[in-house]
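Q: Before I ask anything, let me first share the structure, which is written out below as structure tokens.
The values are calculated or read from the model by the stated rules, or taken from the named source; none is laboratory data. Everything quoted here is computed from the prediction, not taken from an experiment. Here the Cβ is made from the backbone with ideal geometry for all residues, glycine too, and neighbour counts use every protein chain on show. Quick note on the areas: whole protein, heavy atoms, side chains included, nothing else; ligands and nucleic acids left out. Shrake-Rupley method; radii C 1.70, N 1.55, O 1.52, S 1.80 Å.
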Amino acid sequence: MRLDELKQLNGEEAFAPIDLAFAGFLLKRAHTDSPMLFAAAALASYAVRAGNSCCDLNLYAGRWFPPVSGDPEPEEETPRVRLPLLEEWLPGLRMFPCVVAWYPETAHPVAPLVIDNASRLYLNRYFLYETSLADAVLRRCAAEQVPPDLAPGRLAALSPYFRKTAAGAELDFQQSAVFLACSGNFSIITGGPGTGKTTVAAAFLALELERNPDLEIALCAPTGKAQARLRESVTQGIAGLSCSPAIRERLEQIPCGTIHSLLGPLRGSTQFRHNEKNPLHADLVVVDEASMVSLPLMAKLLRAVRPAAKIVLLGDKDQLASVDAGAVLADLCACGARNVMRERTAAAFQRQTAWTFPVVSDTLPLSGCIAELVKNHRSGNAPNISAIGSAIRNVDSPEALQRVTDRVADCDAADFHTRKLPRGGFERALFQRISEPRIRLPGEETFHAFRELRDLAECGGEGAMHCAFDLIGRFKILCALRNGPYGTLAVNAALRAHLRMTEPFSAGLPLMIVRNHPETGLFNGDIGLVWHSDSGGTRVYFPDSRRPGAFRSFHVFELPEHEAVFAMTIHKSQGSGFQNVLIILPDHDTPILTRELLYTAITRAEEHVELWADRTVIATALKRLTIRQSGLADRLRHPL
């Protein structure tokens, strides 16, 4: 391995210019031309870009880079190098203490690179994010749980969706999730779509306010769209609760925003106004769509929550991880048994409900802090979506994988239909699909996806705007890729031409914000519509999360970075839900195709899924699990 060879590894599957620049910077700082240091620095940067919080050198040492399937000898025309063996690499890096620190030998490493005792290589700031998050979670989980003291039967009476205790009645895990969240100052409520996470959250919030009417609560989510859905779901959940008018009014007034807006971003910085020195005032913080929260953001959030305050994470551990580094929710859920309680909490739950609940029987740090909801309460309208989503989550053998592949590839049901990707005449098939009338629910009106948007916008008025937003909430095209003939850029361009919306701000055009912009209060994932205003100008309207049913409008020149959104990537769809989705997978394999990607796409739909994909592509996606390199789970299970 030579330095000049490493510098040639510049490409889509290898190092990016930023990786090479960072590696070159460290060589200058260390006054060396060591290829071992250059390779380590470039890999540390490469790993973070790939969504990992670290680079596990055990997976790279002695192998060819860029990696190739089966690690064969590289073809001559493909620039690759064989990385050094671990027993050579680690001693070689020890020669540069000015840029490489070793943990736990150095308790507070300040060097740009950090290597821990499991040969995991970190950029320093990601090492600090991971260790600070692990420490915060461990401290919270070690705290004593104090179960709520409730009047007999109060828990079951709180929500009409909760089962009443009866002889032989099946245990209600929604009630146990509420009780668990009330008992400790750190808890996780996980489950797939339709399992009642926000029903539990609404009941939990009502119960907490009954116990302490002065409690200060903050609701937040990673994106604007997820935040809006959280506010909507909690509002719907409040409607059926058995609580006083005063509690109901307090619930309706709980502020809900993005995590960024909650923490208060500092302009021109990656830091926030709220941190360990200036913590949030909230006594309780509820985070929805926690699977989307990156390692840096979760670490900063935990730092900003007061030690005495509660934090509850809601999310689906089987969904796609954050676009940025880390798979925090999955790592946390791997560090504790689900649906068990500590003895004191289980005893109090039995007194309240008469149900005997399983007790923690291991030493995992998060056991007794994780509730998992498994029953899908929406499956009646879409049984195949529910069953296929559950089957994908529970694949545990090659035989199960084959059964799921066959079921997805061959499904032709009322709520789930798979067809082969129409390579020839793709655009024609796409235009035909959006022109077909679709039934919203049995017995209700039909609608044509997207075709009415322009007419509604030209009619104008608030009523038409409500109809238009309802329309774009009913149907969405989800693509695996952004680029290529079956990616969002091509699909959006084709539909804009077909629908005569080629101008940058054509009336009725749906737009999605793609970069957080605190100054306007618009955040990544927010979706708006181009509309004629009452004054005759053109503005872009967004739902106002603070006032349900109302809108905020912006002049087109006020908008932060945005793009058309007839179609969005599956990654961008996280935190969103639609009645109907059309999923388009590419015609070839790509590393982005994973089991989690397909699961996330399918579970965005509430009523109908249409999947355009070839069997081989479906099979490949279902075989590939997302594995992110991280030390978080190890730090939680085996703290130093």
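Q: Return yes when THR620 is more than 19 Å from the chain's Cα centre (by Cα), buried (at least 17 other Cβ atoms within 10 Å of the Cβ) and on the phi < 0 side of the Ramachandran plot and no when it is not.
A: Values: more than 19 Å from the chain's Cα centre (by Cα): yes; buried (at least 17 other Cβ atoms within 10 Å of the Cβ): yes; on the phi < 0 side of the Ramachandran plot: yes.
Yes; evaluated as a whole, the condition is true for this residue.
Q: Sticking with this one: Which is open to solvent by less than 60 Å² (accessible area, probe 1.4 Å), of a type in the set (A, V, I, L, M, F, W, C) and at pLDDT 90 or above, of VAL293, VAL234?
A: Working: VAL234 fails: at pLDDT 90 or above.
Exactly one residue qualifies, and that residue is VAL293.
Q: Now, a different point. Output the residues belonging to the stretch 406-432 that are crowded, with 19+ Cβ neighbours inside 10 Å, under 27 Å from the mean Cα position of the chain (by Cα) and not in a loop (DSSP other than H, G, I, E, B).
A: Correct list: VAL408, PHE416, THR418.
Q: Against the condition farther than 20 Å from VAL328 by Cβ, part of a loop (DSSP other than H, G, I, E, B) and either within 25 Å of the chain's Cα centre (by Cα) or modelled with pLDDT of 90 or more (or both), how does GLY168 come out, does it pass?
A: The answer is no for GLY168.
Q: Turning to a different aspect of this structure: Which of the residues that make up the stretch 142-165 are open to solvent by 10 Å² or more (accessible area, probe 1.4 Å), of a type outside the set (Lys, Arg), part of a helix (DSSP H, G or I) and within 30 Å of GLY237 (Cβ to Cβ)?
A: Listed by number, the residues that qualify are ALA156, ALA157.
Q: A follow-up question, please. Can you say whether ARG231 is out of contact with any strand residue (DSSP E or B) (no Cβ under 7 Å at 6 or more places or on another chain) and of a type in the set (Lys, Arg), as far as the supplied structure shows?
A: No, not satisfied.
Q: A further question follows. Does ARG125 satisfy the criteria of being farther than 28 Å from GLU13 by Cα and modelled with pLDDT of 90 or more?
A: No: the conditions fail for ARG125.
Q: Would you please list the contacts, defined by Cβ atoms under 7 Å and residues six or more apart or on different chains, that run from a residue in the stretch 546-565 that is among the acidic types (Asp, Glu) to a residue that is surrounded by fewer than 12 Cβ atoms within 10 Å (Cβ to Cβ)?
A: GLU561/ARG515
Q: Oh, and also: Examine the stretch 140-149 for a residue that is more than 23 Å from LEU364 (Cα to Cα) and out of contact with any Phe, Trp or Tyr (no Cβ under 9 Å at 6 or more places or on another chain), and state whether such a residue exists.
A: Yes - at least one qualifying residue is present in the stretch 140-149.
Q: Going by the structure shown, is ALA134 at pLDDT 90 or above and either small (Gly, Ala, Ser) or more than 29 Å from the chain's Cα centre (by Cα) (or both)?
A: When the stated conditions are applied, ALA134 passes them.
Q: Filter the stretch 175-185 down to the residues that are surrounded by fewer than 24 Cβ atoms within 10 Å (Cβ to Cβ) and either within 27 Å of LEU598 (Cα to Cα) or in contact with a strand residue (DSSP E or B) (Cβ under 7 Å, 6 or more places away or on another chain) (or both) and list them by number.
A: ASN185
Q: Do you know which of the residues in the stretch 248-272 that are farther than 24 Å from ILE238 by Cα and in contact with a helix residue (DSSP H, G or I) (Cβ under 7 Å, 6 or more places away or on another chain) is surrounded by the fewest Cβ atoms within 10 Å (Cβ to Cβ)?
A: Checking each candidate, the answer is PHE272.
Q: Can you say whether PRO74 is part of a loop (DSSP other than H, G, I, E, B), in contact with a Lys or Arg (Cβ under 8 Å, 6 or more places away or on another chain) and modelled with pLDDT under 90, as far as the supplied structure shows?
A: Against the criterion (part of a loop (DSSP other than H, G, I, E, B), in contact with a Lys or Arg (Cβ under 8 Å, 6 or more places away or on another chain) and modelled with pLDDT under 90), PRO74 qualifies.
Q: Kindly establish whether ARG94 is over 30 Å from LEU373 (Cβ atoms), open to solvent by 30 Å² or more (accessible area, probe 1.4 Å) and either modelled with pLDDT under 90 or in contact with a helix residue (DSSP H, G or I) (Cβ under 7 Å, 6 or more places away or on another chain) (or both).
A: On the way: over 30 Å from LEU373 (Cβ atoms): yes; open to solvent by 30 Å² or more (accessible area, probe 1.4 Å): yes; either modelled with pLDDT under 90 or in contact with a helix residue (DSSP H, G or I) (Cβ under 7 Å, 6 or more places away or on another chain) (or both): no.
Here the answer is no, as ARG94 does not meet what is asked.
Q: Would the stretch 40-48 turn up any residue that is at pLDDT below 95 and in a strand (DSSP E or B)?
A: So far as the stretch 40-48 goes, no, none of its residues is at pLDDT below 95 and in a strand (DSSP E or B).
Q: Is it true that some residue in the stretch 251-259 is closer than 28 Å to ILE527 by Cα, assigned to a helix (DSSP H, G or I) and over 16 Å from the mean Cα position of the chain (by Cα)?
A: Applying the first criterion (closer than 28 Å to ILE527 by Cα) to the stretch 251-259 yields 251-259.
Then drop every residue that is not assigned to a helix (DSSP H, G or I), which leaves 251-252, 259.
Next, only the ones that are over 16 Å from the mean Cα position of the chain (by Cα) stay: 251-252.
Yes: one or more hits.
Q: Just for strands (runs of 3 or more DSSP E) wholly inside the stretch 505-617: which have at least 1 residues that are in contact with a Phe, Trp or Tyr (Cβ under 6 Å, 6 or more places away or on another chain) and surrounded by 20 or more Cβ atoms within 10 Å (Cβ to Cβ)?
A: Those strands (runs of 3 or more DSSP E) span 527-532, 538-543, 578-584, 605-612.
Q: Moving to a separate point now. Please determine whether any residue of the stretch 510-524 is touching a Ser or Thr at 6+ places or on another chain (Cβ under 7 Å), among the polar types (S, T, N, Q) and touching a residue at least 40 places away in the same chain (Cβ under 8 Å).
A: yes
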